[in-house]
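J.: Mind looking over this structure? Questions follow.
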Amino acid sequence: MTTSVPALTGHPTHSQAQRRALAVLVAAQVLSGAGLAAGVAVGALLARDMLSSTSLAGLPSALGTAGSAVAAVIVGRVSQTRGRRPGLATGYLAGAVGSVGVIAAAVVGNPVLLFLALFVYGAGTATNLQARYAGADLAAPAHRARAVSTVLVATTLGGVIGPNLAAPTGDLARALGIPYLAGPFLLAGAAYATAALVLTIWLRPDPLLLARVLEAERTVATSTQPGDDGDQPRVRRGGVLIGALVMVLTQLIMVAIMTMTPVHMHDHGHGAAASGLVIAIHIGAMYLPSPLTGRLVDRCGRLTIATASGLVLLAAGIVAASAPADSVVPLSVALALLGLGWNFGLISGSAIITDAVPLATRAKTQGLVDVAIAVAGSVGGMASGLVVAATNFPTLALAGSLVAIALVGAIAVTRNR
């Protein structure tokens, strides 16, 4: 169904609107990065304490990513019909509500409420990812990857700070009569709510709606030129397929290994501060290289950097599998490589998807692709706990390496075609 685009009179120039949109998105991403990372550091430990089972330690990640899948559809559809501002703000607000629910579940010791709250909390993750597309709405095709990377890198600051506040927020929670491991969700709730407020107030004009108006103006101008055949942009299904595959497999590998790293470290005598440091390094590697990655994707090509993603993830799995359990440094290196490989895959895949889909259906398609990404993360999170319980952490890491090899093979086939 075609959605009507409201008239935007007196809209700013293309470049002015793009700079403003990026500035607001960057501010919101800094906040949402803290909300996203705070729960990652302790979610698995909280579930294990409440359920007394390592085999279910991956359940928080699975539930969060399942909630992310549902939220990706909702945020994508709201963005398609009403614009990026209401879509993203709604998603972040849902993440804040989920954070409050996790705290309440920990206080009353109710696992069912915990699972429901983690499901809702996953909306923050979906929204954090979909914000990258908003950065590319007004970008020229040759600079789309750089626009995506600008939004992603903003997550670094909050993403690095969040896990390192696990211990202080835990102490604050204990002082308030809340279980220690629920403390980071205090930070997550406040961060997500503030990000929603920032977008609601300042993301004006809406980048997606303005992009449609500008596209309509270009179409009218072009249609008056001699020789115009009236063709409209079409979806390139091959591009959608390979772009989605790159992001799905990188998400699967990243979530599976990341989820069980804090549990693996805890089982070998490391405290919350050590696991928080490793996760902070991981989150930093996920987002900090984004500006360079964006330039590489625009300059070297989408598929080239997607291939590099698979190779880096392969190395990450091998390093994680061979890392001594009593040493933080090798695990930090492994998680840094894991984050970097994910960064390569997400930015190259996002650029491929954006190139392949016209503005008329872009937000909806992007939301559906992010559903597949979230489902992959859910599968990776749930399976990771089962694999570690049945075997061990090195086996899980090596399994991730095998998936990375499959990704490189799929990209090679696409290149040949």
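J.: Which of these, VAL220, VAL328, VAL24, has the largest mean-square fluctuation under a Gaussian network model of the chain (Cα springs below 10 Å)?
T.: For the chain, modelled as a Gaussian network with Cα springs under 10 Å, the answer is VAL220.
J.: Using Cα pairs closer than 8 Å and at least 6 residues apart in sequence, work out the relative contact order for the chain, in percent.
T.: Here the relative contact order equals 26 percent.
J.: Then there's this: Take the chain, connect every pair of alpha-carbon atoms lying under 10 Å apart with a spring to form a Gaussian network, then pick out the residue of ALA62, ALA273, ALA351 with the largest mean-square fluctuation.
T.: Ranking ALA62, ALA273, ALA351 by mean-square fluctuation puts ALA273 first.
J.: Report, to the nearest 10°, how far helix 14-51 tilts away from the longest principal axis of the Cα atoms in the chain, using its own Cα long axis and a range of 0 to 90°.
T.: For 14-51 against the chain, the angle is about 20 degrees.
J.: Helix 111-136: angle to the longest alpha-carbon principal axis of the chain, degrees 0 to 90, nearest 10?
T.: Between helix and principal axis, roughly 40 degrees.
J.: From Cα pairs below 8 angstrom and at least 6 apart in sequence, can you work out the relative contact order of segment 110-220, rounded to a whole percent?
T.: Normalised by residue count, the contact order of segment 110-220 is 23 percent.
J.: Mind running the shape call on segment 72-138? Use the C-alpha gyration tensor, a ≥ b ≥ c as the square roots of the eigenvalues: rounded below 1.5 for a/c, prolate if a/b tops b/c, oblate otherwise.
T.: prolate
J.: To the nearest 10 degrees, how steeply does helix 59-82 sit against the main Cα axis of the chain, on a 0 to 90 scale?
T.: Roughly 20 degrees between the two axes.
J.: Which of the peptides 15-23, 27-35 is most tightly packed, and how do the rest follow, judged by the mean count of other Cβ atoms within 10 Å per residue? Before the final figure, lay out each step's value.
T.: Details: 15-23: 17.3, 27-35: 27.0.
Listed from highest to lowest mean packing, they are 27-35, 15-23.
Each value in this text was obtained by applying a stated rule to the coordinates, not by laboratory testing. Just so it is clear, the model here is predicted, and its values are computed rather than measured. Because the Cβ atoms are built from the backbone with ideal geometry, glycine has one as well, and the counts that use them run over all protein chains shown.
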